[in-house]
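Participant: Before anything else, here's the structure in question.
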Amino acid sequence: MTYIAPIEDMRFVLDEIAGLSGIAELPGYEDATPDLVDAVLGEAGRLAMEVLAPLNHPGDREGSTLVNGIVRTPKGFRDAYQQYVDSGWNSLPFDPEYGGQGLPWAVSTAVTEMWNAANMSFALCPLLNQGAVDLLQTHATEAQKQTYLTKLISGEWTGTMNLTEPQAGSDVGALKTKAVRNGDHYLITGQKIFITWGEHDCTENIIHLVLARLPDAPAGTKGISLFIVPKFLVNADGTLGQRNDLRCVSLEHKLGIHASPTCVMAYGDSGGAVGYLVGEENNGMACMFTMMNNARLSVGVQGVAIAERAYQQAATFARERVQSRAIGTKDAKSSAIIHHPDVRRMLLTMRAGTEAMRCIAYLNAAEIDRSHHHPDQAVRTKSNARAGILTPITKAWSTELSCMITSLGVQIHGGMGFIEETGAAQHYRDARILPIYEGTTGIQALDLLSRKLLRDGGETARGLIEEMLETLAAVGASNNGAVAALAAPATEEVKLLAKTTETLLALGAEDMEAAAAAATPYLNLFGTVAGGWLLCKSALTASGKLANDQGNAAFLDAKIKTTRFYLHNILPQASAYAKAVANADSVMTLDETQF
């Protein structure tokens, strides 16, 4: 089964949730006209459906291979990547000064969803490259930008993120890779693991962004520096020079994303790989956080994408699979399983969860756009703080939910879902990495708690909650009775979020260990409630359009019904998360010997 980009819903969320029309009025985004955005989404959807999606399942079966130090991607990947580059897709959100198209991140986020829904293994390459560009645009010297940005933005070269080592996963400060000053550059020695697309055959050069430690550096993350380490050194005239002292030692054998080469990289086996410092010495983590935050939003979008792909496949299967007579029918013939209530429940869970995730992710990207381009400093500051809160929620809540949604996709297929040839199992396997890489769910929860909630005393969270209540007041005043009825259950859970936020703020000030134990259920509470809020906002808008005979009536009606299902079947989980926060002291009660 192929993939069809849900452009109608994407456009609805961009317009009604992200506020794309307002973003297009910001300085630098004037080219993001409705016609251009429609053309971008349409053409991206075509490439995703016709070129990338057909390679997804075959690529999973074939996988990437390493032979004599050379990584070969699956059949068709090189040609697909060349089409992607030739069409200019890699340059979408970047600075026109270096060859970018300068379109909003909100639009690029929708396109990123398409690539990942069509073929997540393929899309991981531009995802990491996008983060590398963002990092270099923010922290590199002008000379470094001139050397690397144009080729990275075009996609002619790709970028990677090199943090993890065998002994240093989430604890990045434990890394042992060394950097030694050597004139105008540094010599890098060490090994990195889990390097996504660290070696491949799709481009002539790969630009590795590597964290390493200087001999005189302080311990922990305060002593980490960041280096540009190209596969091939770049001559002064921009041509490629000699091969750098780095190589792919092996490829990881993984649960999913088989077509994506996950590499063990060795640096400096023959004396030291040439690296160029980004930013200041011992300030590498601050620079790398730019790339990590970019990637965290993108990984959250991967959660949306793989959930959408699994939903589409499950819905198609449910329409075609005939099994048992539907309850309540007098027809003796067996029915398509889409007529069975429990299958409907599972499909609606998939649909409603995916639409809620999409709303949060696109709003997140829109806040980033406003934080960068709005002429009012106060608005930029507010949007930056909101993006800060939304990013860990987008990353963690969406990816955890994607695992559940893809699991439901397998369940709807029944026994055939457990058979690889249907492709349902691949979505489930691919999704499982998402809550892990770019910071696990627990790390995102701690980020939300300590760096966002506690740091500003809850100010940003309270502002979001106040906006939620304002939206729901408008929902309750709707002339559409079905929409107005949505306000009461949603308001109840928003008020519970407000109360729990104050509880966690107080707990964090008194007992950080207890607050940390409550962090993940709090993040899930926030994500669940925020998803309900934005779906209610969608339903209110859909109701207004229906009343004025605007748009696709079937689509708008489905938006209201999907929201109702979410509020009655998914939003009630918020109360359970709130109880978990309130009773988080039970987490640390067992002695370690009792496990």
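Participant: I'd like to know if the range 95-110 contains one or more residues that are β-branched (Val, Ile, Thr), under 17 Å from MET291 (Cβ atoms) and surrounded by 17 or more Cβ atoms within 10 Å (Cβ to Cβ).
Facilitator: yes
Participant: Collect the residues in the range 54-77 that are assigned to a helix (DSSP H, G or I) and more than 21 Å from LYS254 (Cβ to Cβ), keeping them in residue-number order.
Facilitator: PRO54 - this is the single residue of the range 54-77 that is assigned to a helix (DSSP H, G or I) and more than 21 Å from LYS254 (Cβ to Cβ).
Participant: Quick one: which of ALA332, ALA295 is within 30 Å of the chain's Cα centre (by Cα) and either part of a helix (DSSP H, G or I) or among the hydrophobic types (A, V, I, L, M, F, W, C) (or both)?
Facilitator: Criteria check complete, one pass: ALA295.
Participant: Right, here's the next one. Can you name the number of the only condition in (1) aliphatic (A, V, I, L, M); (2) touching a Phe, Trp or Tyr at 6+ places or on another chain (Cβ under 9 Å); (3) outside any loop (DSSP other than H, G, I, E, B) that ALA266 fails?
Facilitator: Looking at each condition in turn, ALA266 falls short on (2).
Participant: Listed residues ALA385, ALA365, ALA378; which is among the hydrophobic types (A, V, I, L, M, F, W, C), part of a helix (DSSP H, G or I) and buried (at least 24 other Cβ atoms within 10 Å of the Cβ)?
Facilitator: Residue meeting the stated conditions: ALA365.
Participant: Quickly run through the range 89-101 and pick out the residues that are closer than 14 Å to ASN129 by Cα and assigned to a loop (DSSP other than H, G, I, E, B).
Facilitator: Answer for the range 89-101, where residues must be closer than 14 Å to ASN129 by Cα and assigned to a loop (DSSP other than H, G, I, E, B): LEU92, PRO93, PHE94, GLY100.
Participant: State yes or no: is ASP549 surrounded by fewer than 24 Cβ atoms within 10 Å (Cβ to Cβ), in contact with an Asp or Glu (Cβ under 9 Å, 6 or more places away or on another chain) and outside the structural domain of ASP15 (by TED's automatic domain parsing)?
Facilitator: no
Participant: Quick check on ALA580: is it surrounded by fewer than 21 Cβ atoms within 10 Å (Cβ to Cβ), assigned by TED's automatic domain parsing to the domain that holds GLY458 and either in contact with an Asp or Glu (Cβ under 6 Å, 6 or more places away or on another chain) or outside any helix (DSSP H, G or I) (or both)?
Facilitator: No, not satisfied.
Participant: In this structure, is THR138 part of a helix (DSSP H, G or I), outside the structural domain of LYS231 (by TED's automatic domain parsing), surrounded by fewer than 18 Cβ atoms within 10 Å (Cβ to Cβ) and modelled with pLDDT of 95 or more?
Facilitator: So THR138 passes the test.
Participant: Between ALA361, ALA352, ALA310, ALA305, which is closer than 30 Å to GLU25 by Cβ, touching a Phe, Trp or Tyr at 6+ places or on another chain (Cβ under 9 Å), in contact (Cβ under 8 Å) with a residue 40 or more places away in the chain and not assigned by TED's automatic domain parsing to the domain that holds LEU52?
Facilitator: ALA305
Participant: Give the residues of the range 154-178 that are in a loop (DSSP other than H, G, I, E, B), out of contact with any Pro (no Cβ under 8 Å at 6 or more places or on another chain) and not acidic (Asp, Glu), sorted by residue number.
Facilitator: LEU163, THR164, PRO166, GLN167, GLY169, SER170, LEU175, LYS176, THR177
Participant: Could you check the range 180-234 for strands (runs of 3 or more DSSP E) lying wholly inside it with 2 or more residues that are hydrophobic (A, V, I, L, M, F, W, C) and surrounded by fewer than 23 Cβ atoms within 10 Å (Cβ to Cβ)?
Facilitator: 185-196, 232-234
Participant: ALA273 versus (1) without any contact (Cβ under 8 Å) to a residue 60 or more places away in the chain; (2) in contact with a His (Cβ under 9 Å, 6 or more places away or on another chain): which is the lone unmet condition?
Facilitator: (1)
The values are calculated or read from the model by the stated rules, or taken from the named source; none is laboratory data. All values reported here derive from a predicted model rather than from experimental measurement. With ideal geometry, Cβ positions are generated from the backbone for all residues, glycine too; neighbour counts draw on all protein chains shown.
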